[in-house]
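Data block below; observations after.
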Amino acid sequence: MPRRLAPPPRGLVEQLVPGSHPDRATILFSDHRLGNGLRVIIAPDHLAPVVAINLWYDVGSKHEQAGKTGFAHLFEHFMFQGSGHVAKAEHMSVIQSAGGVNNATTFFDRTNYFESLPSHQLEIGLWLEADRMATLLDALSQENLDNQRDVVKNEKRQSYDNRPYGSFFERLMAALFPKGHPYHHTTIGSMADLDDASLDDVKAFFRTYYAPNNVVLSIVGDVDEADALAAAERYFGPIPANPRIPPFQVPQLPPHLGAEHRETVPDAVPLVRVHFGFRTPPFGTSEFEALEVAAQILAGGKGSRLHKRLVRREQIAQDVAAFVLPLVAGRAVFAGWVTARPETDAETVEAAYLGELERIGREPVSEDELARARALIESAELSALGRLDEVADRLSMYALLFDRPALVNEQLERYLAVDAAAIQAVCRDTFRADNRVVITFVPGGPSADEAEREAGADAGDDDAGDDSGAAGAGEEIAA
């Protein structure tokens, strides 16, 4: 019989009730740590015979070294190419044969892997995840590296180079964060870096970060807590920890860019589109939450300020967007865009969009607007928390990023506590001309892929090392 770990020192009710709303269901969970450092969070929910398995690895593109970008995303691909006891592509086929679904994503701050399965198949999912954590390098060959390198290149062509307006994200991050900052390059990385990557390079990356003491495992659904913990111990417990994971040093960065950054990009696009970006306080702060509410007021559906003015009333825009990127390393991002109607020019839509950003920082939003934004956020949050896979993902996220999984029960109340004064203050401080990136796409140029071919084999690929987008002249990065 496998050894069962002792329960956490605090009871579930003590952990979870503070901050939760008395009229809303509270997600009860237990929080454990295996001997090798793996954090295991278990939230039984017996409504349906389903279980969600979710792993957040504390490695994303921000952990990559100069000259070795794109590795975190590359390993998202490798993790489905077989391991010591699982053949190539068999992980996915086993999950599907068991009646489940699975996938993975990579972001700046983390990489996550997840499955949803019939609850009696829990141990299959745990065994597959443990096997690739422990033995992936047994299956990682030069052939796999070459194959997945080509897959990533094709993904970049499809998602960035040949998609209308597709290069905006790389341009935006390079402009908001100077060269040397871990957010300067996007998760897709540099194709030149991937070309230069050796098998030893990628193996070293895996040995460094793919260790149990660098992971949160959440199990949510129709499970017995003790049995689920015992299964996690059985499959993950023998995997050794890595005591030499390098601590991430959050770079020091001014809160504002210091000067406006502008680019005009001739591209193979059908309409003029103007993209905007601003540095913000990081995800997890009250200021960031106020900006999330502001994004709903500005562009959350057809009743939002930007849609009502630019799309419906003045009819100068095809569409509008405003959103935040939840980043935790010192600063985050507020971004958005406006796509001009064919008869409208870039200057007109830019002025109208920026006018609304300036107004929300100049005068308080109305009670009606605030109530609408709160209702949209509450609806989205409650809908998400009604899904096992989303609960598992949020437990992993809050545990990994903030060491506080109980935020799963507290975050909605934090959003609903945002008031008009908080929105006005953070918008006034964020939507400043000296903190603004403006990237305008105009029809007429070749696609990025065509431009690269015309300029030569070396042009355009080394996006992570490009100085031209560095934000703020002379800006220094200090760890």
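The values are calculated or read from the model by the stated rules, or taken from the named source; none is laboratory data. In this text, all values refer to a predicted model and were calculated from it rather than measured experimentally. Virtual Cβ from ideal backbone geometry, glycine too; neighbours counted across all protein chains shown.
Residues in the stretch 231-266 that are among the charged types (D, E, K, R), part of a loop (DSSP other than H, G, I, E, B) and more than 14 Å from G277 (Cα to Cα): R244 alone.
Of the listed requirements (1) under 30 Å from N147 (Cα atoms); (2) touching a strand residue (DSSP E or B) at 6+ places or on another chain (Cβ under 7 Å), V274 misses just one: (1).
Conditions tested, residue by residue: (1) among the acidic types (D, E); (2) farther than 15 Å from W337 by Cα; (3) free of Cβ contacts under 8 Å to residues at least 24 places away in the same chain.
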residue: P246; (1), (2), (3): no, yes, no
residue: D267; (1), (2), (3): yes, yes, no
residue: Q296; (1), (2), (3): no, no, no
residue: R312; (1), (2), (3): no, yes, yes
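Set side by side, the residues V202, V223 differ, and just one is assigned to a loop (DSSP other than H, G, I, E, B) and assigned by TED's automatic domain parsing to the domain that holds N54, which is V223. Put simply, of G330, G303 the only residue that is at positive phi, part of a loop (DSSP other than H, G, I, E, B) and out of contact with any Ser or Thr (no Cβ under 7 Å at 6 or more places or on another chain) is G330. Out of the stretch 60-86, which residues are of a type in the set (A, V, I, L, M) and farther than 13 Å from F206 by Cα? Residues satisfying the conditions are A66, V86. The conditions of being assigned to a loop (DSSP other than H, G, I, E, B), within 23 Å of G166 (Cα to Cα) and either in the same structural domain as G336 (by TED's automatic domain parsing) or out of contact with any Cys (no Cβ under 6 Å at 6 or more places or on another chain) (or both) are met by L271. Any idea which residue in the stretch 162-178 is surrounded by the most Cβ atoms within 10 Å (Cβ to Cβ), counting only those that are in contact with a His (Cβ under 9 Å, 6 or more places away or on another chain) and part of a loop (DSSP other than H, G, I, E, B)? Here the answer is F177.
Checked against the criteria, A371 counts as surrounded by fewer than 21 Cβ atoms within 10 Å (Cβ to Cβ) and part of a helix (DSSP H, G or I).
In the stretch 218-244, the residues that are at pLDDT below 95 never reach a residue that is surrounded by 17 or more Cβ atoms within 10 Å (Cβ to Cβ) and polar (S, T, N, Q) with C-beta atoms less than 6 angstrom apart, at least six apart or across chains.
How many residues does the stretch 382-410 contain that are crowded, with 18+ Cβ neighbours inside 10 Å and either on the phi > 0 side of the Ramachandran plot or in a helix (DSSP H, G or I) (or both)? Residues flagged as crowded, with 18+ Cβ neighbours inside 10 Å and either on the phi > 0 side of the Ramachandran plot or in a helix (DSSP H, G or I) (or both) within the stretch 382-410 amount to 17. Do we find that E378 is assigned to a loop (DSSP other than H, G, I, E, B) and modelled with pLDDT of 95 or more in this structure? Spelling it out, it is not the case that E378 is assigned to a loop (DSSP other than H, G, I, E, B) and modelled with pLDDT of 95 or more.
Filtered by the rule that a residue be over 26 Å from S286 (Cα atoms), among the aliphatic types (A, V, I, L, M) and surrounded by fewer than 18 Cβ atoms within 10 Å (Cβ to Cβ), the stretch 412-447 gives a lone residue, V442. Determine, yes or no, whether R157 is modelled with pLDDT under 95 and surrounded by fewer than 22 Cβ atoms within 10 Å (Cβ to Cβ). Answer is yes for this residue. Screening D138 with (1) surrounded by 21 or more Cβ atoms within 10 Å (Cβ to Cβ); (2) in a helix (DSSP H, G or I) gives one miss only, at (1). Flag: D319 matches the condition of being part of a strand (DSSP E or B), farther than 22 Å from P281 by Cα and of a type in the set (D, E).
Beta carbons closer than 6 Å, at least 6 apart along the sequence or on distinct chains, pair a first residue in the stretch 431-444 that is within 19 Å of P270 (Cα to Cα) with a second that is of a type in the set (G, A, S) and surrounded by fewer than 24 Cβ atoms within 10 Å (Cβ to Cβ) for T440/A346. For the stretch 74-86, enumerate the residues that are among the hydrophobic types (A, V, I, L, M, F, W, C) and over 15 Å from I124 (Cβ atoms). The answer is L74, F75, F78, M79, F80.
Take the conditions of a type in the set (G, A, S) and more than 23 Å from the chain's Cα centre (by Cα) and apply them to S83. Does it pass?
Values: of a type in the set (G, A, S): yes; more than 23 Å from the chain's Cα centre (by Cα): yes.
Judged against the criteria, S83 is a match.
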